[in-house]
Amino acid sequence: MSTQSIHYLRPVALRLPPGIPETPSRQRRHTLPASEFRCLTPEDAASVFEIEREAFISVSGMCPLHLDEIRKFLTLCPELSLGWFQEGRLVAFIISSLWDEERLTQESLTLHRPGGHTAHLHVLAVHRTFRQQGKGSCLLWRYLYHLGGQPAVHRAVLMCEDALVPFYEKFGFHQVGPCAITIGPLAFTELQCSLQGHASMSRSSC
């Protein structure tokens, strides 16, 4: 995926006549868009990990990705990530890597295989103060649209607990069976989604 395929939501800035200095508050609005979707960078890793840790530790006692793994994926394949920023603050994100086998294996948790055509969604998380507002759904629609515009990526795959299966099915994912990966006592269902047609999907879905 190319960062150029990310579409930004930028408010129109009103410019003052020449010679009139802008106040700090106006300058802040110019440098921090009200709402922005963009690929993540290694510099975003700490903010990503903070949101992920709070979202998952309290539920399962573990994080899908450790901080060093986040930095690795955002270095190797930043184009497979998407962050939602509001006033410069990260509020939700998705991180993926490429995979080149039909089903997920234990290795898929930590590897990025550039020759693959499957985007493995490692984690989707929303900051605690922005949950229950539909932001996870909106971000996932945007992300699938982003993936759909990349010819090398043919499908998306993820694993989740049974309670989350209906959520992902709303976005075109379908169950392919129990996932071969287990983490401690947790078992998962594997889901896949064809990206055909997502490139033309309306971005007004959220």
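The values are calculated or read from the model by the stated rules, or taken from the named source; none is laboratory data. It should be emphasised that the depicted structure is a prediction, and the values quoted were computed from it without experimental measurement. Neighbour counts are summed over all protein chains in view; Cβ atoms, including those assigned to glycine, are modelled from backbone coordinates with ideal geometry. Note: areas computed on protein heavy atoms with side chains; ligands, DNA, RNA excluded. Shrake-Rupley method; radii C 1.70, N 1.55, O 1.52, S 1.80 Å.
Starting from residues that are out of contact with any strand residue (DSSP E or B) (no Cβ under 7 Å at 6 or more places or on another chain) and either in a helix (DSSP H, G or I) or closer than 22 Å to residue 100 by Cβ (or both), keep the ones in the range 118-136 and report whichever is least open to solvent (accessible area, probe 1.4 Å).
Looking at the filtered set, the residue picked out is 129.
Does residue 172 fit the bill of being more than 16 Å from residue 52 (Cα to Cα), free of Cβ contacts under 8 Å to residues at least 60 places away in the same chain and in contact with a helix residue (DSSP H, G or I) (Cβ under 8 Å, 6 or more places away or on another chain)?
Yes: the conditions hold for residue 172.
Any chance you could count how many residues in the range 65-114 are part of a strand (DSSP E or B) and over 22 Å from residue 134 (Cα atoms)?
Qualifying residue count for the region: 3.
Of (1) touching a strand residue (DSSP E or B) at 6+ places or on another chain (Cβ under 8 Å); (2) acidic (Asp, Glu); (3) open to solvent by 80 Å² or more (accessible area, probe 1.4 Å), residue 107 satisfies all except one. Which?
Unmet for residue 107, out of (1) touching a strand residue (DSSP E or B) at 6+ places or on another chain (Cβ under 8 Å); (2) acidic (Asp, Glu); (3) open to solvent by 80 Å² or more (accessible area, probe 1.4 Å): (1).
Just checking, does the range 179-195 include any residue being touching a His at 6+ places or on another chain (Cβ under 8 Å) and either part of a loop (DSSP other than H, G, I, E, B) or open to solvent by 80 Å² or more (accessible area, probe 1.4 Å) (or both)?
yes
Kindly indicate whether residue 82 is open to solvent by less than 90 Å² (accessible area, probe 1.4 Å) and modelled with pLDDT under 95.
So residue 82 fails the test.
When you go through (1) under 19 Å from residue 52 (Cα atoms); (2) without any contact (Cβ under 8 Å) to a residue 60 or more places away in the chain; (3) aliphatic (A, V, I, L, M) one by one for residue 144, which number turns out not to apply?
It fails just one condition, (1).
Could you please let me know if residue 139 is at pLDDT 95 or above, out of contact with any helix residue (DSSP H, G or I) (no Cβ under 8 Å at 6 or more places or on another chain), surrounded by fewer than 18 Cβ atoms within 10 Å (Cβ to Cβ) and not small (Gly, Ala, Ser)?
So residue 139 does not fit the description; no.
Which condition number in (1) touching a Lys or Arg at 6+ places or on another chain (Cβ under 7 Å); (2) of a type in the set (Phe, Trp, Tyr); (3) open to solvent by less than 40 Å² (accessible area, probe 1.4 Å) is the one that residue 145 fails?
It fails just one condition, (3).
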